[in-house]
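Below is one structure; the comments refer to it alone.
The values are calculated or read from the model by the stated rules, or taken from the named source; none is laboratory data. Keep in mind that what you see is a predicted model, and the values were worked out from it rather than measured. Positions of Cβ are generated from backbone atoms using ideal geometry, with glycine treated the same way; all protein chains shown enter the neighbour counts.
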Amino acid sequence: SRTVTRDADGVVTVAGLKATALAEEFGTPAYFLDEEDFRARCRAWRDAFGTEADVFYAGKAFLSRAIVRWIHEENLNLDVCSSGELLTALDAGMPAERIALHGNNKSTEEITRAVEAGVGRIVLDSFQEIARVAHIAERLGKRQRVLIRVTVGVEAHTHEFIATAHEDQKFGLALGGGQAAEAVRRALKLDGLELLGIHSHIGSQIFDTSGFEVAAHRVVGLLRQIRDEHGVELPEIDLGGGLGIAYTAEDDPREPHEIATALREIVTRECRAAGLTVPRLSVEPGRAIVGPTAFTLYEVGTVKELPGLRTYVSVDGGMSDNIRTALYDAEYSVALASRASTAEPMLARVVGKHCESGDIVVRDAFLPADTAPGDLLAVPATGAYCRSMASNYNHALRPPVVAVKDGAARVIVRRETEEDLLRLDVG
Ligand code: LLP
């Protein structure tokens with residue numbers, strides 16, 4: 001695998017610490033996250049977009065109080081999509097004006113909490129919500145800054161992974177057919193709202209810039225239409241997240257500066273052509289910041305050879321700590337982490353310990369043929385959407401997240417305990 005580093009003994013290391021020592025201290029399964037790498041990725045996004053743009057880290061990828069503090073220290077903003085994420089952000093000291101609240105069905109309580117806290121942006125997702133947020137803001141004597149989320153209808157042929165920008169899905173208001181324009185019309189009339197701009201998110205794990213370019217083009221088109229109809233130039237465009245990362249050696253992701261350059265160019269060119277003031281740009285990367293910074297460490301429990309088929313290697317976690325393989329057919333790589341091996345590679349399927357056959361961590365991988373119980377396996381690039389989507393299926397205890405930096409490791413999210421498991425049962 002291309003994302004693990006090894007020491008002279010062939011043991012996988014992170015920030016100067018051996019996987020074997022980490023497993024001994026923190027147990028398995030566990031996520032180990034390279035703090036310096038995380039911060040470097042934040043800076044790469046900041047530097048790529050410069051001071052005339054805002055970078056919102058998408059907390060859904062992975063959020064904890066430590067993450068909020070790093071984001072804050074690295075001068076990023078934060079995208080939250082629930083009251084729970086908002087609570088975590090505020091609790092860790094993120095200034096409310098640097099938070100944007102998302103969601104296609106925010107509750108009255110979520111909206112109220114956000115408006116009261118003074119979040120910088122609420123991204124409006126439906127006609128009902130436009131009225132609801134305006135009403136709540138007016139009742140609180142506030143004027144809430146908002147964006148309207150639109151679906152730009154990027155055709156699926158642009159790239160298979162951006163099929164979520166189709167108009168037939170639950171998010172946003174469609175540009176085609178005029179719903180987005182109608183939403184703008186309504187929002188501009190309401191005293192409780194200060195409409196700052198348009199938001200678009202075309203999907204996730206995207207490898208080329210063309211989908212973003214099409215989205216930018218269509219959003220600028222809407223800005224022009226708004227100027228022509230209302231005489232108002234909206235000052236902001238948020239183009240969402242979605243930049244892909246390398247899960248396997250076949251993946252070839254774009255860098256933040258590539259996407260920044262492409263977006264800046266197209267927005268600037270088209271705004272000038274339309275006689276619009278160039279709006280402030282923002283983006284919301286989640287996966288591209290946290291995904292590559294962590295790996296999951298598992299211990300092998302059993303090795304079952306199916307002659308003529310493959311070998312099933314069972315680890316001590318599974319779909320409760322990484323649902324992505326089962327849910328999206330996602331691909332991961334895996335590496336023997338606790339030692340070097342000169343054994344021949346064997347075709348292996350790394351599976352978890354849950355009671356269903358779809359409980360697969362890595363569908364097809366080559367591992368040394370002498371992989372045996374007690375060995376440690378590292379699955380790289382599990383920083384995004386693994387801990388945040390982890391479950392207690394089969395009453396598994398959700399694993400800890402351990403931050404590693406300069407040869408020191410500290411828990412930033414602790415392992416669940418049996419006490420945690422029993423605590424919610426009543427009677
Ligand atoms: N902004 C908005 C409005 C979003 O809906 C999302 C992701 C992001 C930003 C961040 O996207 P990213 O840069 O992380 O791709 N659970 C799935 C991914 C769902 C993404 C949902 N929205 C997965 O594990 O692949």
Report yes if some residue within segment 390-407 is on the phi > 0 side of the Ramachandran plot, surrounded by fewer than 16 Cβ atoms within 10 Å (Cβ to Cβ) and assigned to a loop (DSSP other than H, G, I, E, B); otherwise report no. yes
For residues that are crowded, with 22+ Cβ neighbours inside 10 Å and either part of a helix (DSSP H, G or I) or small (Gly, Ala, Ser) (or both), tally how many sit in segment 54-75. 6
For VAL300, state whether it is touching an Asp or Glu at 6+ places or on another chain (Cβ under 6 Å) and in the same structural domain as SER391 (by TED's automatic domain parsing). yes
Of everything in segment 328-361, what is touching a residue at least 60 places away in the same chain (Cβ under 8 Å) and either under 20 Å from the mean Cα position of the chain (by Cα) or in the same structural domain as GLY244 (by TED's automatic domain parsing) (or both)? Give them in sequence order. ALA330, GLU331, TYR332, SER333, VAL361
In segment 113-147, what count of residues is obtained for those that are more than 16 Å from the ligand (Cβ to nearest atom) and either in a strand (DSSP E or B) or under 21 Å from the mean Cα position of the chain (by Cα) (or both)? 2
The lone condition ASP420 fails out of (1) part of a helix (DSSP H, G or I); (2) of a type in the set (Asp, Glu); (3) loosely packed, with under 13 Cβ neighbours inside 10 Å is (3)
Counted residues, segment 171-187 - those being in a helix (DSSP H, G or I) and either surrounded by fewer than 16 Cβ atoms within 10 Å (Cβ to Cβ) or not aliphatic (A, V, I, L, M) (or both): 4
Of (1) within 12 Å of the ligand (Cβ to nearest atom); (2) touching a Gly at 6+ places or on another chain (Cβ under 8 Å), GLU110 satisfies every one except (1)
Close pairs (9 angstrom Cβ cut-off, 6 or more residues apart or separate chains): within 23 Å of LEU101 (Cβ to Cβ) and hydroxyl-bearing (Ser, Thr, Tyr) in segment 160-172, within 11 Å of the ligand (Cβ to nearest atom) and at pLDDT 55 or above anywhere: THR164/PHE171; THR164/HIS201; THR164/ILE202; THR164/GLY203; THR164/SER204; THR164/GLY242
Looking at segment 231-260, which of its residues are loosely packed, with under 15 Cβ neighbours inside 10 Å and in a helix (DSSP H, G or I)? HIS257, GLU258
Is it fair to say THR371 is among the hydroxyl-bearing types (Ser, Thr, Tyr) and away from the ligand (no atom under 16 Å from the Cβ)? yes
For segment 88-134, the count of residues that are of a type in the set (Lys, Arg) and either more than 18 Å from GLU284 (Cβ to Cβ) or not assigned by TED's automatic domain parsing to the domain that holds ARG280 (or both) equals 2
Out of the residues in segment 282-309 meeting the condition of being over 9 Å from the mean Cα position of the chain (by Cα) and outside any strand (DSSP E or B), tell me which one is surrounded by the most Cβ atoms within 10 Å (Cβ to Cβ). THR293
Hey, can you tell me all the residues within segment 312-331 that are assigned to a loop (DSSP other than H, G, I, E, B) and of a type in the set (S, T, N, Q)? SER320, ASN322
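Every residue, every condition in (1) among the hydrophobic types (A, V, I, L, M, F, W, C); (2) within 16 Å of the ligand (Cβ to nearest atom), yes or no:
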| site | (1), (2) |
| --- | --- |
| ILE198 | yes, yes |
| HIS201 | no, yes |
| ASP208 | no, yes |
| HIS217 | no, no |
